[in-house]
Amino acid sequence: MTYRGDIFKTPLLYVLIILTALMSSCGVNKKPTPISGKPVYSATGRPLLTAEEIVTDLIAYGKKFLGKPYNYPSAWPMDCSGYVAYLYSCYGIHIPRSSSALYTYTLPVRYPLPGDLLFFRGNNNKNSRIGHVALLIEVRGEELIMMHNTNSRGIIIESVQSSPYFRNRYVGAGRLPEIHARMD
């Protein structure tokens, strides 16, 4: 006789649970629908939104997560890179899932724009290894306003220049090739 606890001993069930979780993440099992309500892609798969439209919509969507804790339970682990990767996946843009891989993947930019990624050294400021990524949401003159997921405060918006921790660890900015390709 089988009782409910035995079903989790079946490897096939684990595979089904994982596949269900992956298929329920936005951008995998359906065409992404931005906040604006406009479709991202045509029926043939051709992009319909400009880079500016995607970024504006993505930032608005990302703000819905403000205050959520680090590793917020969702279809994706919501650490700093998971948050950024999740947001872009909702617009059909699939990017690496670690801050160091994202640093290598992006195109370096001298004058970042909203939608670009900001990269920071990790806890050891003397180590050059990338340990954190944030989404740039606004540029106010020389001031960079970022939205990101922090260990202690969850998903927040803050200025790079107003945060001694991040100001001292800032490495640079990068643009996703998929966004760069859609720019005029």
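Remarks
- If the condition is being open to solvent by 40 Å² or more (accessible area, probe 1.4 Å) and in contact (Cβ under 8 Å) with a residue 40 or more places away in the chain, then region 97-108 contributes 103, 105, 107, 108.
- Just so you know, in region 36-79 the residues that are at pLDDT below 90 and hydroxyl-bearing (Ser, Thr, Tyr) include one that is nearest to residue 145 (Cα to Cα), and it is 70.
- Of all residues assigned to region 121-135, none qualifies as being within 16 Å of residue 55 (Cα to Cα) and either of a type in the set (Val, Ile, Thr) or in contact with an Asp or Glu (Cβ under 7 Å, 6 or more places away or on another chain) (or both).
- Across region 157-184, the qualifying residues are those that are closer than 11 Å to residue 145 by Cβ and in contact (Cβ under 8 Å) with a residue 40 or more places away in the chain, and the one among them that is farthest from the chain's Cα centre (by Cα) is 160.
- Residue check, residue 30 among the charged types (D, E, K, R), at pLDDT 85 or above, open to solvent by 70 Å² or more (accessible area, probe 1.4 Å) and over 12 Å from the mean Cα position of the chain (by Cα): no
- Which listed residue is touching a helix residue (DSSP H, G or I) at 6+ places or on another chain (Cβ under 6 Å) and modelled with pLDDT under 95, from 147, 183: 183
- Residue within region 79-96 that is farther than 17 Å from residue 55 by Cβ, open to solvent by less than 10 Å² (accessible area, probe 1.4 Å) and either not charged (D, E, K, R) or not in a helix (DSSP H, G or I) (or both) present: yes
- Pick from region 109-146, criterion farther than 19 Å from residue 180 by Cα, part of a loop (DSSP other than H, G, I, E, B) and of a type in the set (D, E, K, R), ranking: most open to solvent (accessible area, probe 1.4 Å): 126
The values are calculated or read from the model by the stated rules, or taken from the named source; none is laboratory data. Bear in mind the structure is a predicted one, so any value in this text is a computation, not a measurement. So basically every Cβ, Gly included, is an ideal-geometry build from the backbone, and we count neighbours across all protein chains shown. Note: accessible area is taken over every heavy atom of the protein model, side chains too, but ligands, DNA and RNA are not part of it. Shrake-Rupley method; radii C 1.70, N 1.55, O 1.52, S 1.80 Å.
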